Each structure stands twice: as structure tokens, then as C-alpha cells.
Amino acid sequence: MSTLEHAPEGAVEVDPDEVVDRLGDRVIGRDEHVNAPAVIIRPDEVVDTLTVMRDEFGFDLLSCVTAEQFPDRYESIYHLKQYADPTTEFSIVVPTDRDHPQSQSAASVYETANWHEREAYDLIGIEYQDHPDLKRILLPDTWTGHPLTDDYNQDKPQVVAYEAHENPLLDHTEGAESDTILLNMGPHHPATHGVLHLKVTLDGEQVADVEPDIGYLHRCEEQMCQQGTYRHQIMPYPDRWDYASAGLINEWAYARAAEDLAEIEVPEYAQVIRTMGAELSRMAAHFLALGTFVLDVYGEFNALSMYAIRDREKVQKILEDLTGQRLMFNYLRLGGVAWDIPEPREEFFENVKKFTDEELPASMDEVHDLLTDNEIFQLRCVGTGVLEREVAKQYGAGGPVARASGIDTDLRRDDPYGIYDQLDWEVITDDAGDVYSRVLVRVREVEQSAKIVRQCVDLLEDWPEDEREIQSNVPRTLKPDPDRRVYRAVEGAKGELGIYIRADGTDKPGRFKIRSPCFCNLSTLPEMAEGEFIPDLIASLGSIDIILGEVDR
Amino acid sequence: MGLPVTPLETVLLPERIVDALGLEGYGVLGEFVAGLLAAFLVANIMLIMTAVAGPWAKRKIRARFTDAIAVNRVGPFGLLIIVADAVRLLSKEIIIPEGVDRPAWELAPIIVALSALLGFAVIPMGSGIHVADPEVGAVFVFAVASLSSVGLVMGGYASNNKYSMLGGLRAVAQNIAYEIPLILIAVSVVVFAGTLRMSEIVAVQAEPLILVAGIAIPSWFAIVNPFAFFLFLIANLAEVGRNPFDTPEAPNEIIAGYQTEYSGVYFVLFYLGEFIHIFLGGAIIATFFLGGPAGPVLPGFVWFLIKIWAIFLLTQWARSAVPRVRIDQLLDIGWKGLLVLSFLNLILTALIVGVIAA
């Protein structure tokens, strides 16, 4: 289905003036971001305002919460969207006092605000009142200061007394009477797919409570991007967010935001190459997700995980031919791509076609044989780790996790970029919301991606030789107008990967914020796993498909 | 005419050693020394097989299933990896965690390895390799094999680690749930054979069952009662803890279960115990269902090895292909499925045997 024919169901038309009228004296000002109209509201009216926005104007997705510090104030921006039509956007800006940065928490309206506000508190230092559990999320509890503020001293060492860490579990000892045990799963555990720590409270083998503890892989990506120039220095960083082969999609997320911010046009030919590259990345990422998930459910000596890695390797080879790199591609440029399809072109296209037309269908049959049709596998995965549709919306889930819960959302179709709207492909959804449907959606998406890649190859093959423009004319130094703000997202392998940039008149961003899909998806884990057995917790975690590099950034 | 059947060995290995070394004059002492030598020989055969299986064969077999290559750098076909791995494993540091319950913690791996080795004492391996043949051989082999559960729960409990604890408990729950069906199926064989003595169980299977195109098909219990054979194979997978029943270790769930805290030689002992257990499972299946060492042309002992390696291959195949079931599903399958079916099998066998006898 192409977007041109897609009429979003349940989308609500929103007129900014109407919103301002409805919100009345809660509004203290208006603004215009590049992507959406914005209203500025009083910091003690956040809950009321967002409740109105959600219930009356249909904004059921809180995409992102961005916090910023200015010389005279702090600001939290709530980026609102509608699942049914993500192009209907709205920004709620909440300024707070520079000396006492306090504003009302939105966690009671949108569950997803819980983690996002914790991050804002952690890095910027805004205190959200009535937040259910306002503590640091990326940095250790013992950290002093808020790193993204202007008065933070980066050179001062963070000295932590040994006593503070001597026995962090001392408070958790529950005595001999207790029926539950606290189990630390991770930071080093075979099934956490990286350095993730789950504090699991067990009642026998049953999970009574699970609390993800993240931040072990925090590498200050946002700050590094704020210190790089738009034109060249930022592009290598996105490869390092979702590093499991989804690099090109990440690069596109930055490229899309920056191109909209600086009003750069991208030649059609480059868009085709980008689309093909992004879908190859998605396939590689999904293969890896499948392989590691199979490890979690089958055990470590099984054939299917190796088959998935074998197929990923084929995609990886194609991406290597295209970009010259296996993992950290750094292939996209603002206004285009780094270089054209490698010569000899025919050979490259032959390779891609061989993969999509012959090898992939064969290995997909194998996957369906060994995995989705396997009865023991179904016994393990059907009906466990269920994420209900409305709950998924509350947590801002995206990508295959949301689509497996019956939410028909895909930014490639609903907020088209590249040439997705000219191609013939489908958005895969499933209603069950369990572990099985998440895996199934991912497997089917690989087939759809292959379809897209195939169509892109056809387009590229027939492209006239003198019209192969891979890069538009972009100034050597980009200085977008001060105070231009944009939030733009692409459909990452894991869901909505959004970038917020505020320009400050220099050649570097004033604020660079990454909305990570894994971050939101991981926050749904307690909803899936509580009340289930340990193996279901592991299967649920595997089916979310988290990349800790993207969760922690 | 018929299939050539290896004649049943009535002379046990210790007696042969007494003869060969001229120990007749030393009475009980001579028999004792001969028995020790026989046990040493059999144990070493098993240890060599484990050494081949663990570092080399297992990896090669798995590689075949998974489109991989596996060890091929050290020696021809990578065979010298066995030496390299042995040196590596034995030279690793033994880390003893704080608060472990010694000596239970140290005894656990020894019990696991020992219990599996003891079982081979009563297995007739053909070509005269048979250490002891008591009247209650079948009872003995199951009794010592289930001793390993004690080792597992000791290791799990003594390790002072929650993952080990969970693994130890899972191991016991699983072994109880699957040992009962295992033994009930074995009982059906015993009812059919009318004896608990291992050599006689093998002898009964040597009788020709039917003639097909001039070749006598022996009355192996796998052919007489394929249903029981199939059940036994499944229960055996659970007994040795391989997919789809490897929940006690389940590395992706509980790290490595009861063996999480073991390193160095203790870890080797646990692994050794596991592999010997798989071979013991194969040996039991060969003895009870596949005619023991019987087979054409080749010597009995070679046939015996072929049969237990075939069972080993089966466990590795299962490991490569099927998912792990959840612990509650595993217990459901054991108590509600296998137990009922094995009782059914036993009653039917008893009825048929009764009718034939009448």
C-alpha cells in the first residue's frame, strides 16, 4: 500500500488556534517549530494541558521529552504526535525558572514520560514534581551535577566514597520471613544483549517485579553531537547508536532532521540509494534480532541462530560493497550520499538480486520451518509476554513492538521520506501482542524490506547515466538561523528514531536530542514480564530487541 | 542363514584378567586386584570417549548442523584441540567464592562424575568387556545414575548463588519427573525379558524375531516395542539434560544453573559427568533396546560404541534443532504425559506377557 492511498484512520485534524483557545489561560505564549506549532504553557499546568491534548485532540503518542537550559530559563518540550497520523504534530513547551527549575510531571498522563523525565532530570536537572520515581537513569546514583548544563564542570572528577557502594543491596534484604528473592540479572548476563541490569524480584520461578537499570553504555552521544559541526562531524556518530547494522537508518535520522533545519534538498537519485541502503540495514538488523532471540529461547548450540547470522552476513557484504564499511558506515551526507553505487554497477546489482530473489526466499522458508512453525517454539512464545494495544501506546512503543500489538504505525508510510511512498510494500501488523507476534512481525518485515530493495534496484538500473546526481549543493559551513527548532523522525529498525535539533546561529547545534526507540520499548518490559516465569522474562526481553548502545546513547 | 549374532560372553572381565595375569593363587586379593584393573580399564575407555566427545566431536557435529566449520587449526581435523583443551581446562584457576558450603561444594562435582562412571560397571560392552554381572544389574544402573541428582542439588545449594540455587532446584524437579517414567519403561523391558541381569537382557534380544528375506531380525526391544523405545529416548533426553529439556543449565536464563560458580578442575568434573551421563544413557538404551553389543561382522565392542555414539549424535541433533521448553511445561510433559504413557506401556506389556505365558 502506498501512502498516497493511505487515509489515516482515527486521525484528528488539529487547528493550532483552536488548541490555544481550548487551553485558555494555561497558555503564556506561542511559537513555531519547523516540524510543528508550539504553545508555551505554565509549569504548573502540565498535567491538565497534556490530558486535554490527549483526550480531546487525539495526541496519543508522546514521542519525546526534550529538556534544555538557557541563560535565563529551563525548558521541557513535549513532542506530541498521533499514532494514526504522525504528521499531525504539536509541541508543548514548558519553561521553568532558572534558579528553581521545577515543573509538573507528565508521567500520570503518558507513561513514557516517566523515563524521559528521569533522563531530563539526570542530564539537565529539571525537577519534575509528582513524578513517581524521580532518580537518575543514565548516570550512577552517586553522580553530582547535571552534565548538559552550562555551569557543569567537566574536569572535576566524580569521586565516590567506597562506603556509598559497599553494599548497594543492603536495603533489599527482606529477612527470613520474606517469600521473594531479589535476583540481579546483569549487567553481565547471557541474555541481556549487552550491559543491562534487571532488578528482578522472584516469587519462586515467577517474576513478581522487574526494574530495568540502564546507563552502563552511556557515551554522552548527545553532548558529542552538540560539539560537532553539522556538515561533517556529526554524521559518524549515528552509526554508534543502534550499532547492530542499522547504521544507515540512524544516519538518515540525523540527515533528515538537519536537512529540514537547514532547508537542504536531496536529489531523487540519492534518495533511492538511501532507501535501498536503509532497507538493507533493516534486514541486517532484523536478522541479528532474530538470531539473538533464537539464542534466548533455543539455547546456545542451535542451528537457527547461525543461519540468521549467515544471512545477515550476506546483507553485510552488500552494505560493505556499497559503503566501504561493515558496521560504522558513515555513508550518508547532508544533501545526499558519499558516493555512487560501486563499479562495476552490474555486478553489484547482480549480487543484490541474487540475494533478494534466490537466497532470501530459501532462507525464509527455512526460518518458517524451524522457527515459526515449530510447535515447541509456539508453546514457548504464544500468549506470553503480552503487551496490550493501549498499554503499548501509553509507553510510546514503536516499530515491530507496537505493530505486533496491533498498532498500525510506520513512519515510512505515514510520514514518508525517501521514496517509500512511490514503492509497493506493506506494513506488517499483528494483533496478539505476545512474544510470538513480535518475532513474526520482524520476520515478515524482512520480506517487505527485500521487496523495497528489489524495487530500488530496478529504479537504479534504469537511471539515465547523466542524471545520477548523488549530492546537492550544500555550503561548506552550515549555520542555520538561530532558534530554529526541528524534531524529525525516521522509522528505525526498532521504531521511531527521532532527532531534535535547536540551532543557535553557529555551525554546531545548540541542543541535540536523540529519541531512541529502544529506550521506549525497553520501558514496556515490566508490563510484559510481571507475573510470568523467568524464561518468559528472557523471551520478552529478547523479543523487544534492544540495542543497549541506543538505549543508553 | 540368519544374522550372525555375537555369542554371549559369560566370562567377566575380572576373571579374564585373573587368568591372564596368573592371579588364581592369591584368592580374594587376586580377584580384588583384577576387579580394580577391570574398573580402571572401563573407566579409561569412558574418559577417552568423553575427551573425544567434549572438545572435538561435539563441536564438529554441531558445526555440521549449523553450517559452521568448528575446530580445524590444531592438528589434523583439529584433533589436537583435545590435548590443547585438556591443558587449558586443567591449568585454570579454581576460584572458590565467598560463603560456599564446603566440603559439600567440593563433593558435588565428584559425585556427579562418579555416579555416571559407576553405572558402566554392569553394562555388557561386548568382546568380553563386562566388569560385573549381578542379578540386580538393571536396578543398580538406574540407582547409581540417579545419584547425580544429589550432586546437582549439593552444588546448587552449596554455591551460595541464587542462579545456582534455581538451577539445582530445577535439576531435582526435572530428574524426579523424568526418572520415574524412565524406570517404568525399563521395567516393561524387564517384564518382557523376565530378568534383571544385564547379560540375560542382552541374551533374550539375540533370539530371532522373524525372518525377512532370509535374514533373521533379532528381537531387539526397539523392534518388539518401538513405542517404549521412543518414550525412553525422550525421557533420556530429559535425564541427561539436553534440548528441549536443558532447563537446569539454561544459560540464557540462569547463567549455567548449578555449575555457575565452578571453575578449573571442578568445572571439568561437572562437564565430564555430563558427558559420561550421556554415554551411560546411550549404553542403557543400547543394552535395553538395541541388543547390547550385538551386530554383524564387526566385533561386539565396536557395535556397542557405534550404538552409544548414535545416541550421542541424537542428543546433539536435538540440541541444534529444538527450543528449550519452559520449566513448568517441562514438568507438565513429565508428570502428565510421559508418566501416564509409561504406565500404559507397562500395563500393556504385562498383559501381553501374561497372555503369552498362559
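Look at A:D99 and say whether it is outside the structural domain of A:G406 (by TED's automatic domain parsing) and without any contact (Cβ under 8 Å) to a residue 24 or more places away in the chain.
Yes; evaluated as a whole, the condition is true for this residue.
How many residues, within the stretch A:198-208, are without any contact (Cβ under 8 Å) to a residue 40 or more places away in the chain and surrounded by fewer than 18 Cβ atoms within 10 Å (Cβ to Cβ)? Steps first, please.
Of all residues in the stretch A:198-208, those without any contact (Cβ under 8 Å) to a residue 40 or more places away in the chain come to A:199, A:201, A:203-204.
Those still in the list that are surrounded by fewer than 18 Cβ atoms within 10 Å (Cβ to Cβ) too: A:199, A:203-204.
Residues in the stretch A:198-208 being without any contact (Cβ under 8 Å) to a residue 40 or more places away in the chain and surrounded by fewer than 18 Cβ atoms within 10 Å (Cβ to Cβ): 3 in total.
If you go through the stretch B:195-232, how many residues are free of Cβ contacts under 8 Å to residues at least 24 places away in the same chain, farther than 24 Å from B:L13 by Cβ and not β-branched (V, I, T)?
Of the residues in that region, 6 qualify.
Return yes when A:I428 is in contact with a Cys (Cβ under 9 Å, 6 or more places away or on another chain), surrounded by fewer than 23 Cβ atoms within 10 Å (Cβ to Cβ) and not small (G, A, S) and no when it is not.
So A:I428 fails the test.
Out of A:E251, A:E259, A:E279, A:E265, report the one residue that is surrounded by fewer than 19 Cβ atoms within 10 Å (Cβ to Cβ), in the same structural domain as A:R312 (by TED's automatic domain parsing) and among the charged types (D, E, K, R).
Exactly one residue qualifies, and that residue is A:E265.
Determine the pairs where a residue that is over 19 Å from B:S115 (Cα atoms), located within the stretch B:32-57, has a partner that is not in a helix (DSSP H, G or I) with Cβ atoms under 6 Å apart, the partner being 6 or more residues away or on another chain.
B:A34/B:L23
Could you pull out every one of the helices (runs of 4 or more DSSP H) wholly within the stretch B:272-358 that has 1 or more residues that are away from chain A (no Cβ under 14 Å), under 30 Å from B:L209 (Cα atoms) and under 21 Å from the mean Cα position of the chain (by Cα)? Steps first, please.
On the way: elements: B:300-321, B:327-332, B:339-357.
Ranges flagged: B:300-321, B:339-357.
Determine which member of the set B:V18, B:V83, B:V5, B:V74 is over 19 Å from B:Y271 (Cβ atoms) and modelled with pLDDT of 85 or more.
B:V74
What is the residue count in the stretch B:115-138 for residues that are within 15 Å of the chain's Cα centre (by Cα) and either without any contact (Cβ under 8 Å) to a residue 60 or more places away in the chain or more than 17 Å from B:L280 (Cβ to Cβ) (or both)?
1
In the stretch A:70-87, which residues are over 17 Å from A:D31 (Cβ atoms), of a type outside the set (D, E, K, R) and surrounded by 21 or more Cβ atoms within 10 Å (Cβ to Cβ)? Talk me through it step by step, then tell me what you get.
Quick first cut of the stretch A:70-87, residues over 17 Å from A:D31 (Cβ atoms) only: A:71, A:81-87.
Subsequent filtering for residues that are of a type outside the set (D, E, K, R) retains A:71, A:82-84, A:86-87.
Selection gives A:Q82, A:Y83, A:P86.
So, in the stretch A:349-374, exactly how many residues are aliphatic (A, V, I, L, M) and more than 14 Å from chain B (Cβ to nearest Cβ)?
3
Going through B:L89, B:L80, B:L107, B:L166 one at a time, which residue ends up being more than 30 Å from B:A203 (Cα to Cα) and within 14 Å of chain A (Cβ to nearest Cβ)?
After applying the criteria, what remains is B:L166.
Could you please find all residues in the stretch B:247-271 being facing chain A (nearest Cβ under 8 Å), surrounded by fewer than 24 Cβ atoms within 10 Å (Cβ to Cβ) and either part of a loop (DSSP other than H, G, I, E, B) or hydrophobic (A, V, I, L, M, F, W, C) (or both)?
B:I255
Buried (at least 24 other Cβ atoms within 10 Å of the Cβ), in a loop (DSSP other than H, G, I, E, B) and touching a Ser or Thr at 6+ places or on another chain (Cβ under 7 Å), is that true of A:A402?
Spelling it out, it is not the case that A:A402 is buried (at least 24 other Cβ atoms within 10 Å of the Cβ), in a loop (DSSP other than H, G, I, E, B) and touching a Ser or Thr at 6+ places or on another chain (Cβ under 7 Å).
One line per residue, one yes/no per condition, for (1) hydrophobic (A, V, I, L, M, F, W, C); (2) over 18 Å from B:L41 (Cβ atoms); (3) not in a loop (DSSP other than H, G, I, E, B):
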| site | (1), (2), (3) |
| --- | --- |
| B:M125 | yes, no, no |
| B:A132 | yes, no, no |
| B:E135 | no, yes, no |
| B:V139 | yes, yes, yes |
| B:F142 | yes, yes, yes |
| B:V150 | yes, yes, yes |
| B:V153 | yes, yes, yes |
| B:Y163 | no, yes, yes |
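For the stretch A:462-509, which positions are touching a Ser or Thr at 6+ places or on another chain (Cβ under 9 Å) and basic (K, R)?
If the condition is that a residue be touching a Ser or Thr at 6+ places or on another chain (Cβ under 9 Å) and basic (K, R), then A:K479, A:R485, A:K494, A:R502, A:K508 are the ones that fit.
In the set A:G418, A:G383, A:G396, which member is small (G, A, S) and within 14 Å of chain B (Cβ to nearest Cβ)?
Numbers: A:G418 fails: within 14 Å of chain B (Cβ to nearest Cβ); A:G396 fails: within 14 Å of chain B (Cβ to nearest Cβ).
Going through A:G418, A:G383, A:G396 in turn, the sole match is A:G383.
Given the structure, is A:S245 in a loop (DSSP other than H, G, I, E, B), among the polar types (S, T, N, Q) and either within 14 Å of chain B (Cβ to nearest Cβ) or touching a residue at least 12 places away in the same chain (Cβ under 8 Å) (or both)?
Criteria met by A:S245.
Kindly list the number of the only condition in (1) more than 30 Å from A:V367 (Cβ to Cβ); (2) more than 14 Å from chain A (Cβ to nearest Cβ); (3) not hydroxyl-bearing (S, T, Y) that fails for B:V71.
(1)
Here is a yes/no grid of residues against (1) within 14 Å of chain B (Cβ to nearest Cβ); (2) surrounded by fewer than 24 Cβ atoms within 10 Å (Cβ to Cβ):
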position: A:A289; (1), (2): no, no
position: A:Y298; (1), (2): yes, no
position: A:F301; (1), (2): yes, yes
position: A:M306; (1), (2): yes, yes
position: A:I309; (1), (2): yes, yes
position: A:K317; (1), (2): no, yes
position: A:N330; (1), (2): no, yes
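The values are calculated or read from the model by the stated rules, or taken from the named source; none is laboratory data. Source: prediction; values computed, not measured. Quick reminder, even Gly has a Cβ in these numbers, built from the backbone with ideal geometry, and neighbours come from all protein chains shown.
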